[in-house]
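Student: For reference, the structure I am asking about is given below.
The values are calculated or read from the model by the stated rules, or taken from the named source; none is laboratory data. Treat the numbers as computed from the prediction; the structure is a model and nothing was measured. No Cβ is skipped: glycine too gets one built from the backbone with ideal geometry, and neighbour counts run over all protein chains shown.
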Amino acid sequence: MNPRSVAVIGASDDPSRIGGRPIASMRKLGYAGRILPVNPNRREVQGLQAWPSVAALPEVPDVAIVAVPSGQVLEVVTALGERGVAAAILFSAGFAEVGGSGVAMQAELVAAARRTGMRLLGPNSLGLVNLHTGFVGSFSSLAGLDDVRAGRVGIVSQSGAYGSHLVSAMVDTNVGLSNIVMTGNEADLTLGEIVRLMVADPNTDVIALYSEGINDGDGLVEALKAARAARKPVVMMKVGRSKVGGAAAQSHTASIAGNDAVVDAVLEELGVVRAYTTEAMLDIVRLATRGVFPADNTLGVITVSGGAGVIISDAAEEYGVPVPEMPASAQATMLKMLPICAPRNPVDTTAQFINDPTLVKPFMEMMLNEGSYRSMLGFFSYAGTTAEVAPVLRQQLSEVRAACPDRLYVLVLRGPREVMRSYEAEGFTVFEDPTRAVAAIAAMGRFGRAFAMQPLAPAPTGGTVTLPAQTPSEAQAKQLLAEAGIASAPERACGDVGSAVLAAREIGYPVVLKILSPDILHKSEIGGVLLDVRDEAAVRSGFGTLMERARAAAPDARIEGVLVARQLGGGVECIMGINRDPVFGPIAMFGLGGVFVEVLKDVVFHRCPFGEDVAEAMIRSIKGAPLLLGARGRPVADIPALARTLSRLSAFAAAAGPRLQSIDLNPVFAMPQGEGAFAADAVIEINADAT
């Protein structure tokens, strides 16, 4: 992102054309490196000497910009590689994003580049800009504008046009930028690799990421881990949540949108704050540039409006930001100073603030020193920007901030833009809407908790997992899982009615009878499960019933017999599962069974593998967790056993490799404390085509 020299292939003398914009922008921004235009039809381009071909260049440039028709790109990439150029930015479109022959053309480009070790950004890329050096490898019309200023925020976007939209929005909100990179099709360099470059860049403190799809999940995960370790907050707008949006993303940059619930879980795990609107992204980025990320976030509110205090309190509860009450002694002191104030928190100074703005300083000092709030939000609206009040208030606030610089300071103001900018210059982030302000404050707390996170317990280790060639029966699936330490109810596979009777007698009544077939995975849908079987006669009758139902529903299925299992009681029905995500690999899921998963979708996801601490956090995070924790006099479930089972399942999935498509344990009985957790049913699906 910081080349000493650049060749522009397809350079134009017209600064408004795609091949001319990078040259004009670099000269305008004062790029100090050498610019080498390549144009076979001109000896000079925009006042610079031009060369007819890559081979004719007087030196090997660090990077090349390729702005030629798609049919000429392969020839240019090959020539650049032969000259030893390290990287090329490909503006040209008409490759994988259009499908068909474009996919093969893109593969040829990558193959040609890899033969010489050259890296490619694009194709179909709007390029990159380094505001600190003036390097412009982009044809965006924004790249050379005077009001795009250098700063500490890096933008990474798969969409060039939307990346430019973000740049414009950042400029409007006075955010300074370090680097802007639009990755395009990501035929070679991926989103994750660019994020790693931003993490390593000393001029970038905050990373704004726009993604339509993720082509290298593992690479992105490692990049986001590096950002967290470097305490560089990442705000990500991941689109393509709907079926229509996902299809549009794939046609735009040939990207896989992926399962949105999984994306949410992975971003949460890695400490990334997801923004769903441009407005939210800007709010979070602006506040993140202050560099204050309170892990133990609490909110103190000082306001001139009781109504605003209510709005802020509601928003704080919605976004999970605690608003603790002021200590009683501090409230008493405030009431002595201003008997008509409301001192609890939010602290309402009423309209008396207009008559005496100097009240703000002692009130805020008490809130910071006695209330110990990590974040302060002041609602002063238009009153804080009047000519009479603004200078006094700004001075009062600045003195407070100087005394406690490690806190987060946010103001809600309305008024002339230059007045609000004067508060910003003093270190206060200004919003016009209190709810948006609270949402941004909540995001800073999420960053803080991610940065302060302690090392996690290791995932269980075990031997290699050898999966069968085809999807196994329930009994075979449970045997595989038992080898990984995942317990099930006592059971026996029985090929005839006599062995079923004997098994039921040994296991003990009541028992459950289930049809046993690798071809019938969802047994309940064909009536293939009989509960509460209490005697020998019922076993004999039930065996025949199940065989008849199986033959009627699936005449071609391989029937291995009937599974006889102990009927468990007294536990809470849960569900655990694994699904192989196309982007992030095996993903574990946990929830309560029945209506909680089927109707309420009360489930949680996490990448595999993980330790028991993560598993327990997953279990406790669902809305239905009180049912496991003794709500309304219920026995407390064996949470450690449940977490152990979930953790072991995650390790099994990670070790099983890409042939494992999914696992469904439903139900898993969480027995009362100390009595364990048992899988009552198990389905393992194999992807025979995977390698």
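Student: Which residue, of Ser125, Ser140, is assigned to a loop (DSSP other than H, G, I, E, B) and under 22 Å from Asp13 (Cβ atoms)?
Tutor: Ser140
Student: Filter the range 205-230 down to the residues that are buried (at least 24 other Cβ atoms within 10 Å of the Cβ) and not hydrophobic (A, V, I, L, M, F, W, C) and list them by number.
Tutor: Result: Tyr210, Ser211, Glu212.
Student: Those residues that are over 15 Å from Pro586 (Cα atoms), assigned to a strand (DSSP E or B) and not aromatic (Phe, Trp, Tyr), I need them from the range 668-691; list them, please.
Tutor: Val668, Ala670, Pro672, Ala677, Ala679, Ala682, Val683
Student: What about Leu335, is it within 42 Å of the chain's Cα centre (by Cα) and either part of a helix (DSSP H, G or I) or in contact (Cβ under 8 Å) with a residue 24 or more places away in the chain (or both)?
Tutor: No: the conditions fail for Leu335.
Student: So, one more: Considering the range 618-644 alone, what residues qualify as being surrounded by 15 or more Cβ atoms within 10 Å (Cβ to Cβ), out of contact with any Cys (no Cβ under 9 Å at 6 or more places or on another chain) and assigned to a helix (DSSP H, G or I)?
Tutor: Across the range 618-644, the qualifying residues are Met618, Ala625, Leu627, Ile639, Pro640, Ala641, Ala643, Arg644.
Student: Please specify each residue of the range 559-598 satisfying the condition of being aliphatic (A, V, I, L, M), in a strand (DSSP E or B) and over 18 Å from Leu628 (Cα atoms).
Tutor: Going residue by residue through the range 559-598, those that are aliphatic (A, V, I, L, M) are 559, 562-565, 568, 572, 575-576, 578, 583, 587-589, 592, 595, 597.
Still in the list and also in a strand (DSSP E or B): 562-565, 572, 575-576, 578, 587-589, 592.
Scanning the range 559-598 gives Val562, Leu563, Val564, Ala565, Ile578, Ile587, Ala588.
Student: On the given criteria, is Val76 touching a residue at least 40 places away in the same chain (Cβ under 8 Å), in a helix (DSSP H, G or I) and closer than 29 Å to Asn215 by Cα?
Tutor: Details: touching a residue at least 40 places away in the same chain (Cβ under 8 Å): yes; in a helix (DSSP H, G or I): yes; closer than 29 Å to Asn215 by Cα: yes.
It is true that Val76 is touching a residue at least 40 places away in the same chain (Cβ under 8 Å), in a helix (DSSP H, G or I) and closer than 29 Å to Asn215 by Cα.
Student: Quick one: which of Ile18, Ile89, Ile65 is within 20 Å of Ile180 (Cβ to Cβ), of a type in the set (Val, Ile, Thr) and in contact with a Leu (Cβ under 7 Å, 6 or more places away or on another chain)?
Tutor: Residue meeting the stated conditions: Ile89.
Student: With respect to Glu365, determine if the residue is touching a His at 6+ places or on another chain (Cβ under 8 Å), in contact (Cβ under 8 Å) with a residue 24 or more places away in the chain and surrounded by 14 or more Cβ atoms within 10 Å (Cβ to Cβ).
Tutor: So Glu365 fails the test.
Student: Sticking with this one: Among the candidates Ile515, Ile520, single out the residue that is of a type in the set (A, V, I, L, M, F, W, C), under 47 Å from the mean Cα position of the chain (by Cα) and in a loop (DSSP other than H, G, I, E, B).
Tutor: Checking each option against the conditions leaves just Ile520.
Student: Listed residues Phe584, Phe678, Phe605; which is touching a Phe, Trp or Tyr at 6+ places or on another chain (Cβ under 9 Å) and within 15 Å of Ala261 (Cβ to Cβ)?
Tutor: Exactly one residue qualifies, and that residue is Phe605.
Student: While we're on this one: Does Thr471 count as among the hydroxyl-bearing types (Ser, Thr, Tyr) and touching a Pro at 6+ places or on another chain (Cβ under 9 Å)? Full working, then the answer.
Tutor: Details: among the hydroxyl-bearing types (Ser, Thr, Tyr): yes; touching a Pro at 6+ places or on another chain (Cβ under 9 Å): yes.
Criteria met by Thr471.
Student: Also: Go through (1) under 19 Å from Ala67 (Cα atoms); (2) in the same structural domain as Met1 (by TED's automatic domain parsing); (3) modelled with pLDDT of 90 or more and name the single condition Ser159 misses.
Tutor: (2)
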